[in-house]
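Contents: one structure, followed by commentary.
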Amino acid sequence: MELNFPELDGPVAQRGIGIIAPFDLALERELWRWAPLEVSLHLARTPYEPVPVSLEMAELVSDAAHLTAATRNVLHVEPEVIAYLCTSGSFIKGLAYERSLRDTICRAGARDAITTSGALIEAVRKLQLSRLSVITPYDDILTGKLHEFLHEAGCEVLRSDHLGLGGGIWKVGYRTIAERIMAADDPAAQAIFVSCTNLPTYDLVEPLERLLGKPVLTANQLTMWACLGRMKLPMMGPGKWLQNVF
């Protein structure tokens, strides 16, 4: 008997993105919502560190040995690009350090590499931004490191807000995040950056962009945008200012 089911011609040819995530990431579901059908995400995590979200934790999860091991853990499934999905871990020591993280991942065997903070700088340059408002879930010290990173990239932070959380960032509700984003907006800011890959933002981007009339750039959104841009694939989901830019 001949099988004549169109679905048996599949599955759609897979194209992979390797994701190196901090041990406490709880928002894998957000990443998948940005990805087109043919993209699979292959996750590796950094080792558990018994410290709160802080400068110390950002340094621990960006350790070169951890990134090397995590890269090698996903190489076998042949990802086209590997992303270090951590904003704070990639901005804490400036632009040169962010580049060194990408170099570490490539030396471990990746075909191409990005970081979340590197993706932020790519978007800033593509959209020709020089004035931002910022919201983070971090403490004051870690938020200050983000300001320094953006300043080094030639971007002025006009207004900033932070939640001061040491953990459980993925549990923050949309209402709280939306209120903080709106409070952090400055009329002179060209865009708002919402930091941290563990802060849920997917369903807020489109309504807040309509309300505020400017880009709302979020950590997971930018990471996926940068990965998909290298793969010449469209980004799914909200973020109209980024849709046709790469």
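The values are calculated or read from the model by the stated rules, or taken from the named source; none is laboratory data. All figures in this text were calculated on a predicted structure; none of them were measured in a lab. Heads up, the Cβs are rebuilt from the backbone with ideal geometry, glycines too, and the neighbour counts pull from every protein chain shown. Keep in mind that these areas ignore ligands, DNA and RNA; they rest on the heavy atoms of the full protein, side chains included. Shrake-Rupley method; radii C 1.70, N 1.55, O 1.52, S 1.80 Å.
General observations
- Count of residues meeting criterion [more than 17 Å from LEU242 (Cα to Cα) and open to solvent by less than 10 Å² (accessible area, probe 1.4 Å)] in segment 123-145: 8
- Residues of segment 16-39 satisfying the condition of being in contact with a strand residue (DSSP E or B) (Cβ under 8 Å, 6 or more places away or on another chain) and open to solvent by 70 Å² or more (accessible area, probe 1.4 Å): TRP32
- Some residue of segment 182-190 being open to solvent by 10 Å² or more (accessible area, probe 1.4 Å) and either at pLDDT below 95 or part of a helix (DSSP H, G or I) (or both): yes
- When residues of segment 45-56 are limited to those that are touching a residue at least 24 places away in the same chain (Cβ under 8 Å) and in contact with a helix residue (DSSP H, G or I) (Cβ under 9 Å, 6 or more places away or on another chain), the one most open to solvent (accessible area, probe 1.4 Å): ARG45
- Looking only at segment 191-224, and only at residues there that are within 30 Å of ASP112 (Cα to Cα) and either without any contact (Cβ under 8 Å) to a residue 12 or more places away in the chain or touching a Lys or Arg at 6+ places or on another chain (Cβ under 6 Å) (or both), the one that is least open to solvent (accessible area, probe 1.4 Å): ALA191
- Restricting GLY164, GLY168 to residues that are within 18 Å of the chain's Cα centre (by Cα) and loosely packed, with under 15 Cβ neighbours inside 10 Å narrows the list to GLY168.
- For segment 130-154, the set of residues classified as touching a strand residue (DSSP E or B) at 6+ places or on another chain (Cβ under 7 Å) and farther than 20 Å from ALA183 by Cβ consists of SER130 only.
- So ALA83, is it crowded, with 18+ Cβ neighbours inside 10 Å, over 22 Å from PRO200 (Cβ atoms), aliphatic (A, V, I, L, M) and modelled with pLDDT of 95 or more: no
- Tally of residues being touching a residue at least 24 places away in the same chain (Cβ under 8 Å) and part of a helix (DSSP H, G or I) across segment 101-124: 13
- In summary, THR71 fulfils each of the numbered conditions (1) closer than 24 Å to LEU146 by Cβ; (2) of a type in the set (S, T, N, Q); (3) open to solvent by less than 10 Å² (accessible area, probe 1.4 Å) with the single exception of condition (1).
- Scan of segment 146-155 for residues that are part of a helix (DSSP H, G or I), out of contact with any Gly (no Cβ under 6 Å at 6 or more places or on another chain) and open to solvent by 10 Å² or more (accessible area, probe 1.4 Å), ordered by number: HIS147, GLU148, HIS151
- Candidates LEU41, LEU37, LEU67 - the one that is at pLDDT below 95 and either assigned by the TED database to the domain that holds HIS151 or more than 13 Å from the chain's Cα centre (by Cα) (or both): LEU37
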